[in-house]
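J.: A single structure is presented below for examination.
The values are calculated or read from the model by the stated rules, or taken from the named source; none is laboratory data. Quick caveat, the model's predicted, so the values are computed rather than measured. Positions of Cβ are generated from backbone atoms using ideal geometry, with glycine treated the same way; all protein chains shown enter the neighbour counts. All accessible areas refer to the heavy atoms of the entire protein, side chains included, with ligands and DNA or RNA removed. Shrake-Rupley method; radii C 1.70, N 1.55, O 1.52, S 1.80 Å.
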Amino acid sequence: MIERFIHQVKVELPPGIETVADARARLAAKFPRAALRRMTHLGLLLGSALEDIPLGPEDAVVYASTFAETRSLEDFLLSFPAASPLLFQSSIHPGGIQQVLIGRQQPIARLWPLAGRTRLVEQALLTALLEPAPRVVLAGGEETGTWMLEHNLASARSFAFAMILTRAPAGALGRVAFARGTSTDDPCPTLENFTQALTGRHALQWSGAGGTWTLDWLP
């Protein structure tokens, strides 16, 4: 069995449908004004989730998102045929997690950006569990789409999370573990399901990738 312990977790799960303008107004105090107007919705949510999570140059970051900055791309495409230079800049801006690290001028040991669908949570957890750094920050999220929702190419909800994973059980809030064994490939939690489990401190267990996955919380 391989495992890591959760020592800090924060979730950004805005109620209802939040636009990037709403997020900028709600989270304005958390960012420098110059950076605020350039950040995407997902970048703002990740920045808030990571606000109280310290990072050091020897830490690793695992980042998971299925659609990333889809809304920024939508807005740019909708500006055609008079393509907006400002929206173009946003559409090619560094990804949400990079916006946060660049804003902090934060060096880290390694960044593992992952994109996927049905088993993205498994891929992200396995990467975090196998990462050699003593401390790993696992982060992820999505930003709400509009017309690309019809094509299943965007998220129906905006959210973000960040958590610190170490190998030290003392003082831990919870644990993520993988035990090798018979696998029936149960449905893997979606990134949103996983985020909701973090929010409510709900346990998760499923089979996949040749073993059993467990997310549980310690008393």
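Results for (1) within 30 Å of G211 (Cβ to Cβ); (2) free of Cβ contacts under 8 Å to residues at least 12 places away in the same chain; (3) of a type outside the set (S, T, Y), shown as yes or no for each residue.
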position: F67; (1), (2), (3): yes, no, yes
position: R71; (1), (2), (3): no, no, yes
position: P94; (1), (2), (3): no, yes, yes
position: L111; (1), (2), (3): yes, no, yes
position: R117; (1), (2), (3): yes, no, yes
position: A128; (1), (2), (3): yes, no, yes
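Per-residue answers, yes or no, for (1) on the phi < 0 side of the Ramachandran plot; (2) without any contact (Cβ under 8 Å) to a residue 60 or more places away in the chain; (3) out of contact with any Phe, Trp or Tyr (no Cβ under 7 Å at 6 or more places or on another chain):
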{"residue": "P134", "(1), (2), (3)": "yes, no, yes"}
{"residue": "A139", "(1), (2), (3)": "yes, no, no"}
{"residue": "E150", "(1), (2), (3)": "yes, yes, yes"}
{"residue": "A170", "(1), (2), (3)": "yes, yes, yes"}
{"residue": "G210", "(1), (2), (3)": "no, yes, yes"}
{"residue": "P219", "(1), (2), (3)": "yes, yes, yes"}
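J.: So which residues in segment 135-174 are of a type in the set (A, V, I, L, M) and in a strand (DSSP E or B)?
T.: V136, V137, L138, A139, A160, A162, M163, I164, L165, listed by residue number.
J.: Taking the conditions exactly as written (in contact with a strand residue (DSSP E or B) (Cβ under 6 Å, 6 or more places away or on another chain), open to solvent by 60 Å² or more (accessible area, probe 1.4 Å) and outside any strand (DSSP E or B)), does P132 satisfy them or not?
T.: Answer is no for this residue.
J.: If a residue counts only when it is farther than 20 Å from F194 by Cβ and open to solvent by 40 Å² or more (accessible area, probe 1.4 Å), which helices (runs of 4 or more DSSP H) contained entirely in segment 8-73 have at least 3 such residues?
T.: 20-27
J.: Please go through segment 13-37 and pick out each residue that is under 12 Å from G47 (Cα atoms), in contact with a Lys or Arg (Cβ under 9 Å, 6 or more places away or on another chain) and either hydroxyl-bearing (S, T, Y) or modelled with pLDDT under 80 (or both).
T.: The answer is L36, and nothing else.
J.: Further question on the same structure: Just checking, how many residues over segment 108-124 are closer than 14 Å to V61 by Cβ and either in contact with a Phe, Trp or Tyr (Cβ under 8 Å, 6 or more places away or on another chain) or open to solvent by less than 60 Å² (accessible area, probe 1.4 Å) (or both)?
T.: 7
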